[in-house]
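Comments concern the structure below.
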């Protein structure tokens with residue numbers, strides 16, 4: 001079946017702008033995760049959803065970052081007032097439940113000029 | 001908090017040879033999962049192998065195997081008969097059984113020489 005998909009593949013924006021990044025998980029997967037990967041580093045956890053609710057948002061760096069998953073499937077990561085330090089690859093993953101293996105999407109490369 | 005350390009930023013292996021990538025982790029939990037992921041330049045993180053901490057037997061997937069030493073908190077990946085397509089960044093990851101998130105190391109870049 002289809003894997004995790006993320007759109008857009010690349011996003012270039014200007015400092016101070018608002019961006020939305022979308023994740024489509026594997027069909028039937030109840031758990032969804034967002035990670036951020038800076039150049040030369042491993043993915044860093046941001047937030048995890050179980051169904052529609054955020055089960056753990058301890059990795060969100062500040063209140064400019066917000067994520068939703070209103071129907072328990074597609075999720076959107078929203079970043080307000082972007083800063084140059086937000087430039088990174090944003091990875092989404094899903095799993096059949098929170099204890100199972102996570103399957104990753106191809107990521108969105110965000111560049112803030 | 002859990003931490004994962006990959007002490008080899010870069011490794012190189014000759015095609016058809018064997019290479020071992022190192023990973024150590026720190027945790028106070030007794031049950032957890034460990035993973036190795038491969039990330040080629042396309043950015044897609046691909047699961048290579050998974051180990052459950054309560055299982056003493058080392059996981060194996062074709063040419064990939066692990067050496068899991070629970071007491072030493074060590075989880076190395078052995079790639080046998082290396083192929084050009086194995087060239088990528090490899091990440092070691094830890095996940096608690098009651099936690100959703102995974103904690104990743106900073107990766108090892110593997111080069112395969114023909």
Listed residues B:72, B:16, B:88, most fluctuating in chain B (Gaussian network, C-alpha, under 10 Å):
B:72
Cα extents of region B:26-114 along the principal axes, largest first, in whole Å, come to 42, 25, 18
Expected max-MSF residue from A:39, A:21, A:91 in the GNM of chain A (alpha carbon, under 10 Å) is A:39
Between residue B:80 and residue B:64, with labels modelled 7 Å along Cα→Cβ, what's the label distance in nm to one decimal, could you check?
1.6
With a Förster radius of 41 Å, plug the Cβ-Cβ distance of residue A:74 and residue B:31 into 1/(1 + (r/R0)^6) and report the FRET value to the nearest 0.05.
0.80
Just the Kirkwood number for chain A, please: inverse of mean 1/r across all distinct Cα pairs, in Å, one decimal.
13.9
Under the definition of partner shielding as Cβ atoms of other protein chains within 10 Å of a residue Cβ, what is the mean value for peptide B:32-39?
2
From a point 7 Å beyond the Cα of residue A:14 in the direction of its Cβ, which residues of region A:89-113 have a backbone N at a distance under 16 Å?
A:111-113
Modelled FRET efficiency - R0 22 Å, residue B:54 with residue B:2, Cβ distances, 0.05 increments:
0.85
What residue among A:80, A:41, A:50 has the largest mean-square fluctuation in a Gaussian network model of chain A, using Cα springs under 10 Å?
A:41
Modelled FRET efficiency - R0 30 Å, residue B:71 with residue B:10, Cβ distances, 0.05 increments:
0.60
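Tell me, what are the semi-axes, in whole angstrom and largest first, of the equivalent ellipsoid of the protein assembly as shown as set by the roots of 5 times the Cα gyration tensor eigenvalues? Could you put the intermediate results ahead of the total?
Working: eigenvalues 176, 84, 50 Å².
Three semi-axes, in Å: 30, 21, 16.
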Across peptide A:43-51, how many C-beta atoms of other chains are within 10 Å of each residue C-beta, on average?
3
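Coordinate-derived values only; no laboratory data. Since the structure is predicted, the reported quantities are computational estimates derived from the model, not experimental observations. Please note: Cβ atoms are built from the backbone with ideal geometry, for glycine as well, and neighbour counts cover all protein chains shown.
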